[in-house]
Each structure stands twice: as C-alpha cells, then as structure tokens.
1. With (1) at pLDDT 95 or above; (2) over 19 Å from Glu149 (Cα atoms) as the list, and Gly112 as the residue in question, which single condition is left unmet?
2. Restricting attention to the range 144-158, does a residue exist that is of a type outside the set (Val, Ile, Thr), part of a strand (DSSP E or B) and in contact with a strand residue (DSSP E or B) (Cβ under 9 Å, 6 or more places away or on another chain)?
3. Are any residues in the range 111-165 more than 24 Å from Asp61 (Cα to Cα) and β-branched (Val, Ile, Thr), and if so, which ones?
4. Against the definition (open to solvent by less than 50 Å² (accessible area, probe 1.4 Å), part of a strand (DSSP E or B) and at pLDDT 95 or above), how does Val46 come out, yes or no?
5. I want to confirm something. Restricting to the range 66-78 and keeping residues that are aliphatic (A, V, I, L, M) and more than 19 Å from Thr139 (Cα to Cα), which single residue is surrounded by the fewest Cβ atoms within 10 Å (Cβ to Cβ)?
6. Within the range 177-186, can one find any residue that is surrounded by fewer than 14 Cβ atoms within 10 Å (Cβ to Cβ), modelled with pLDDT of 80 or more and not aromatic (Phe, Trp, Tyr)?
7. Go through (1) at pLDDT 95 or above; (2) in contact with a Gly (Cβ under 8 Å, 6 or more places away or on another chain); (3) open to solvent by 40 Å² or more (accessible area, probe 1.4 Å) and name the single condition Val81 misses.
Amino acid sequence: GAATVRALRARGADVVALARSPFADEPDPDSGVHCYNADVGDWASVSAAVGEVLADHPVIDVLVNNAGASGVRAPVWELDVDAFRERAMVNTFGPFYLMKLLMPGMVARRDGVVLNVVSGAADRPRPTRAMYGSQKAATEHLTRAAAQEAAEYRIRVYAFHPGPVDTALFASSRSPEELADLRAGGNGGPPLQDPAEPAAALAW
C-alpha cells in the first residue's frame, strides 16, 4: 500500500490513502497524499470515510483495493467461524464496499479504473489454505463480473496478481525459516519481490 502511494505520487497523482490504523507519519496535504482512517471491512466505517473523502475530493479516477488479511492455515472443518468472517470482511467485502461506493461516480463520468489486488491462491486450492484462497477467489470473480458490467461506461476493472511480495502481511503467515528461504529464492522460485516492483505495475 505505502509503495503504491509512492509510485502513484511519482507519476504526479493526487492520492487518498485509506487505512484502519492511524498513520504514524501523516504527510502534509500539500504533499499530494491525503490520509483517512477507516476499517474497509466495516460498512459503517468505510461508508462514512468515503463520504468525507468525496466531500474533499469529489472525483476519484482510480481505485486500488489493496487491503488484505492473512488466512488461518487449517483444514476447513477446523477453521474458526469468527476468524473466517473477520478476514472475509477485509478480503472480499472490503473491495465490494469500495467499488459500490466509488464506481457510481465513475459510471456517471464514464471513466475510471479499479484495481483489485488478489492472489494466485485464488486459482490454486491447497490443503489448509481454503480460507484465504476462497476469499481471494470470490474477489476475483467479483472483479471479472464488474469488468463486464462497467465496460460500456469506459471503466476498466482489473484483478491484479502481484506474486510473492516481501510485506508484513506475507511474513505473518510464514515461519522465520520459511521466510528466510523465500527471500533467498528457495523452493525453486524467484526471491520475494520488493514492494516497489508490483507497486510500479499498479501505478502503470
């Protein structure tokens, strides 16, 4: 998220950043980055925040849905119901809420771009990974449907697969040993990407 803000600013965009946690170093609005706090998985919170955003910035040209929550690794029958729901609210409902709130303006202007950050886990069912994978798969389906619905209004809607990225979210579901191996390009794959790499692609 932070890397994407920087990449968009480098291209001259005025950026609104929405996050659940308070911003530790909130930039000066003159910097072109405008920070708002909200929980994207909570309808009342995110709708109130977007109301504030639109009052200050009536035209949102690009929406990047990047917030995510890691899934608990366990067989389906052992998954905690509350944990599943809590993460689904961020991984699936969050993008839906923001699309519902911001796409009407894009439709009215007949212009806009929506980027939903998903995951290869959406297309690769694996043991103990059902929680995260199914939620990202739902978001990818939502994206594909919305892309078809919005095409006539000249709105582009994409599902973006960044691949493995060295972020706190990625690290939260891996052991220190597994993480060190992945950073070194273990398991036959490339090393973890620096967040600046997928951020540059999103900004493009």
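1. (2)
2. Yes, some residue in the range 144-158 is of a type outside the set (Val, Ile, Thr), part of a strand (DSSP E or B) and in contact with a strand residue (DSSP E or B) (Cβ under 9 Å, 6 or more places away or on another chain).
3. Correct list: Thr128, Val165.
4. No.
5. The extreme case among them is Val76.
6. No, that holds for no residue.
7. Evaluating Val81 over (1) at pLDDT 95 or above; (2) in contact with a Gly (Cβ under 8 Å, 6 or more places away or on another chain); (3) open to solvent by 40 Å² or more (accessible area, probe 1.4 Å) leaves (2) as the failure.
A quick yes/no check of all residues on (1) more than 24 Å from Phe96 (Cβ to Cβ); (2) surrounded by 16 or more Cβ atoms within 10 Å (Cβ to Cβ); (3) modelled with pLDDT of 95 or more:
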position: Ala17; (1), (2), (3): no, yes, no
position: Ser31; (1), (2), (3): yes, no, no
position: Val53; (1), (2), (3): no, yes, yes
position: Val64; (1), (2), (3): no, yes, yes
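The values are calculated or read from the model by the stated rules, or taken from the named source; none is laboratory data. Note that this is a predicted model, so its numbers are computed, not measured. Cβ atoms come from the backbone with ideal geometry, glycine included; neighbour counts cover every protein chain shown. Only protein heavy atoms, including side chains, enter the accessible area calculation; ligands, DNA and RNA are left aside. Shrake-Rupley method; radii C 1.70, N 1.55, O 1.52, S 1.80 Å.
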